[in-house]
Every structure is written in structure tokens, then in C-alpha cells.
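Chemist: Just passing along the structure, written as C-alpha cells.
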Amino acid sequence: QVQLVESGGGLVQPGGSLRLSCAASTSIFRRSTMGWYRQAPGNQRELVATITSFYSTNYADSVKGRFTITRDNAKDTVYLQMNSLKPEDTAVYYCNARTPLSNSWGQGTQVTVSS
């Protein structure tokens, strides 16, 4: 299992930006598909974005054009740049690392979009 530590959440006004970071504990990161998921109160956890070890990305329709997922293999870190934030983006955001043999989750970081 990979230990994942998220950071960068907080309170932001509508239209604002935040950047989330997720640092992995081991170099297995470099072979992992990394992802960001979110869960709002009363809702199921949903996919936000993923990036493979070959840097191929995938986004939920609700965030396309606003969010960008990137990875830095030298730092074993994945990022989620979130722009033009909306109140409906409010949720706990979770980092995920997946390989054919493992599936690891971070503890989550709260993002609140409110005026």
C-alpha cells in the first residue's frame, strides 16, 4: 500500500482557485494511476480526474475546462489545479493511487466554495 497525504484544501469564494497536492510515500507512485475523487455530504464518492503513468488524463464532465491534474514523478506528487470554483465543488477531496495489485486512499482534504 502507498501512503498518501493531501494538502491545499480550504475556503475560497466562487470563481476563485485552489491547488491540491498529494504526496506519496513510495516510488510505486511512478507506476500508479493517480486520481482525485470527491464526496459531498449525502452523496457518493465521485471521480474528479485521473492521470496514468503515461500522463494520459481523464476528467469528469463537471470539471472539464476548469480543473487540471498533473504529476511530478521526481517528487512522487500529484496536483489538482482548480479554477473557476463553484459552490457545487464543495466536498472532501481524496487522492487515490491505483496499480494492478493495490488501491490506496488519502485521508481527504476539505474544499469549501462559499461567499
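Chemist: Within the group Tyr55, Tyr79, Tyr93, Tyr37, which residue is part of a loop (DSSP other than H, G, I, E, B), of a type in the set (Phe, Trp, Tyr) and out of contact with any Cys (no Cβ under 7 Å at 6 or more places or on another chain)?
Modeler: Going through Tyr55, Tyr79, Tyr93, Tyr37 in turn, the sole match is Tyr55.
Chemist: Across the range 66-95, which residue is nearest to Leu4 (Cα to Cα) among those that are among the basic types (Lys, Arg) and open to solvent by 40 Å² or more (accessible area, probe 1.4 Å)?
Modeler: Taking the candidates together, the pick is Lys75.
Chemist: Can you find, within the range 96-115, the residue that is nearest to Pro14 (Cα to Cα) among those that are touching a residue at least 24 places away in the same chain (Cβ under 8 Å), assigned to a strand (DSSP E or B) and open to solvent by 10 Å² or more (accessible area, probe 1.4 Å)?
Modeler: Going through the qualifying residues, I end up with Thr112.
Chemist: Of these, Ser27, Ser32, which one is surrounded by 14 or more Cβ atoms within 10 Å (Cβ to Cβ) and small (Gly, Ala, Ser)?
Modeler: Ser32
Chemist: Filter the range 37-53 down to residues that are modelled with pLDDT under 95 and over 13 Å from Asp89 (Cα atoms) and give me whichever is least open to solvent (accessible area, probe 1.4 Å).
Modeler: Ser53
The values are calculated or read from the model by the stated rules, or taken from the named source; none is laboratory data. Values in this document were obtained by computation on a predicted structure and should not be read as measured data. For neighbour counting, all protein chains shown are included, and Cβ atoms are generated from backbone atoms with ideal geometry for every residue, glycine included. Heavy atoms of the whole protein, side chains included, go into the accessibility calculation; ligands, DNA and RNA do not. Shrake-Rupley method; radii C 1.70, N 1.55, O 1.52, S 1.80 Å.
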